[in-house]
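This report concerns only the one structure given below.
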Amino acid sequence: MEQQINDDINELIKRRFEELNELKLRGVNTFAYSFERSDYSEEIKNSFEEGVEKNVSVAGRIMAIRRMGKASFATIQDLKGRIQIYLKRDELETAYDNFKLYDIGDIIGVNGFVFKTRTGEISVHCKEMVLLTKSLRPIPIAKEVIDELGNKTVHDQFSDKEMRYRQRYVDLIVNPEVKDVFILRSKIISFIRAFLDKQNILEVETPVLQGLYGGASARPFVTHHNALDIPLFLRIADELYLKRLIVGGFDGVYEISKDFRNEGMDKTHNPEFTMMEVYVAYKDYEWMMKFVEEMISSLCLHIFGKTEFRFDDKTIDFKPPWNRVSMVNSIKEKTGLDVLTVGDNELTLAAKKYGVEITGKESRGKIIDGIFEILIQDSLIQPTFLIDYPVETSPLAKKHRSIEGLVERFEGFVAGKEICNAFSELNDPIDQKGRFEDQVKAREAGDDEAQTYDEDFVRALEYGMPPTAGLGVGIDRLVMLLTNQLSIRDVLFFPQMKPEK
């Protein structure tokens, strides 16, 4: 069956090449240089007035053709939708003859006037037509068949998820609603940028290639610089460079960037992802929680006109104030276990009981985090700040001002997924040095996600960094929530895939 499909496609491609050659023999430029387009399908339909003849110039991809001898209809698709084109042989002459060699998928430009057909469809009466691009490969157009009971069956739909991700260009052609998600993604990023700019927080750029990676607990991608003959790492986070700028005297900096982590892939993880990180001097994590609430709720109202959204089967409301839940207290309420005071053996036994995978190399903090993930995380449906983490899991966060063994950190959770992470940033160089040393020990004990010792960052802190609040927001996950997409691949134009066979 698959071989038959491939043979059929090859025959169609062969025919299109024959049409291409015939058009060239007729003197047709099959791959034009430009076209002066002034109108889009949606605007033409919205501005149509009965009895008013309006000249338009449109361009787009042919998505349907109906040939009827002396006249024909075609439907073209542009960025904003589809519109019907009416072509009359007597008016177009040679161009009409050439149209017989056009296919679904070809891109054309049309000059004409707007009218309404006898069936009431707003269309463009073509006075001039030019081929802009000859499509050499057939696109998978879905065909709808409706039976006498009104049941609709769709044939030849380009619906295979893996194929859609691999050939996103085809996905965008035949599933134009996919464009809407990416247009919204662009608007979300633009709003965040404008919001931060309005706060007088400076947008900056930091290195993608780093001699020493840091700022998160993750495995890096490694490359090699030939001229310097040294290994370099694709950044896993922007944090340590941005905080160096706070040391240097900036009151607020941010970066919207690509980060890279050499880890597994699933519905919420892609090895290349978009992160927004912001650092503001003289603030703490309490201030940052209010900042996040304001930024996200303002974004929702500005772009969508609402704060309430459907995500999967859940209704999410981003209206402030968000819930605040202590990691330690939530575990205690669920299990009766005080993870701050219980002994190591009892903590390990409890973790195993609840299904945490224990290898013997985990720190107390990592075990506590594992218990939380299994017992609590999925229940955090409405926007929630999970606050106050074990010190072992947060080597860059300031120790809690009143609770021993914790740091001032929060993560924002929505629908059971983390969307942001923030600290009262550690600015004590002595404490930071000790935390890095603990990370080195953890790495030597087998934790390959433990952070590295960044001697230059410690030196920067020794010059003095003011109290600072820092935040990282996962842009991809935020877009997923606001557009009701259940996989990160549906908000990335080109997600990472296994190689094709």
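The values are calculated or read from the model by the stated rules, or taken from the named source; none is laboratory data. For clarity, every value in this text was computed on a predicted model and none was experimentally measured. Here the Cβ positions follow ideal geometry from the backbone for every residue, glycine too, while neighbour counts run over all protein chains shown.
Return the residues of segment 355-371 that are more than 17 Å from residue 449 (Cβ to Cβ) and surrounded by 17 or more Cβ atoms within 10 Å (Cβ to Cβ); say none if nothing qualifies.
371 - this is the single residue of segment 355-371 that is more than 17 Å from residue 449 (Cβ to Cβ) and surrounded by 17 or more Cβ atoms within 10 Å (Cβ to Cβ).
Looking only at segment 37-53, count every residue that is part of a loop (DSSP other than H, G, I, E, B) and surrounded by 14 or more Cβ atoms within 10 Å (Cβ to Cβ) and tell me the total.
Total satisfying the criteria: 4.
Does segment 326-347 contain any residue that is outside any strand (DSSP E or B) and under 30 Å from residue 186 (Cβ atoms)?
No, because not a single residue in segment 326-347 is outside any strand (DSSP E or B) and under 30 Å from residue 186 (Cβ atoms).
Tell me, please, whether a residue that is surrounded by 17 or more Cβ atoms within 10 Å (Cβ to Cβ), more than 26 Å from residue 365 (Cα to Cα) and of a type in the set (Phe, Trp, Tyr) can be found in segment 300-316.
Taking every residue of segment 300-316 in turn, at least one turns out to be surrounded by 17 or more Cβ atoms within 10 Å (Cβ to Cβ), more than 26 Å from residue 365 (Cα to Cα) and of a type in the set (Phe, Trp, Tyr).
List the strands (runs of 3 or more DSSP E) that sit entirely inside segment 214-294 and contain at least 1 residues that are under 15 Å from residue 420 (Cβ atoms).
252-260, 272-281
Yes/no matrix, rows are residues, columns are (1) in contact (Cβ under 8 Å) with a residue 12 or more places away in the chain; (2) more than 30 Å from residue 374 (Cβ to Cβ); (3) part of a strand (DSSP E or B):
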position: 412; (1), (2), (3): yes, no, yes
position: 452; (1), (2), (3): yes, no, no
position: 460; (1), (2), (3): yes, yes, no
position: 470; (1), (2), (3): yes, no, yes
position: 480; (1), (2), (3): yes, no, no
position: 493; (1), (2), (3): yes, yes, no
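Let's see how each residue does on (1) assigned to a strand (DSSP E or B); (2) exposed (fewer than 12 other Cβ atoms within 10 Å of the Cβ); (3) of a type in the set (Asp, Glu):
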residue: 15; (1), (2), (3): no, no, no
residue: 35; (1), (2), (3): no, no, no
residue: 63; (1), (2), (3): yes, no, no
residue: 82; (1), (2), (3): yes, no, no
residue: 91; (1), (2), (3): no, no, yes
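So which residues in segment 168-186 are surrounded by 14 or more Cβ atoms within 10 Å (Cβ to Cβ) and part of a helix (DSSP H, G or I)?
Within segment 168-186, the first condition is being surrounded by 14 or more Cβ atoms within 10 Å (Cβ to Cβ), and the residues that meet it are 168, 170-176, 178-179, 181-182, 184-185.
Within segment 168-186, 168, 170, 171, 172, 173, 174, 178, 179, 181, 182, 184, 185 meet the criteria.
Considering segment 266-310 alone, what residues qualify as being among the β-branched types (Val, Ile, Thr) and modelled with pLDDT of 95 or more? Quick ask: steps written out before the conclusion?
Going residue by residue through segment 266-310, those that are among the β-branched types (Val, Ile, Thr) are 268, 274, 278, 280, 292, 296, 303, 307.
Selection gives 274, 278, 280, 292, 296, 303, 307.
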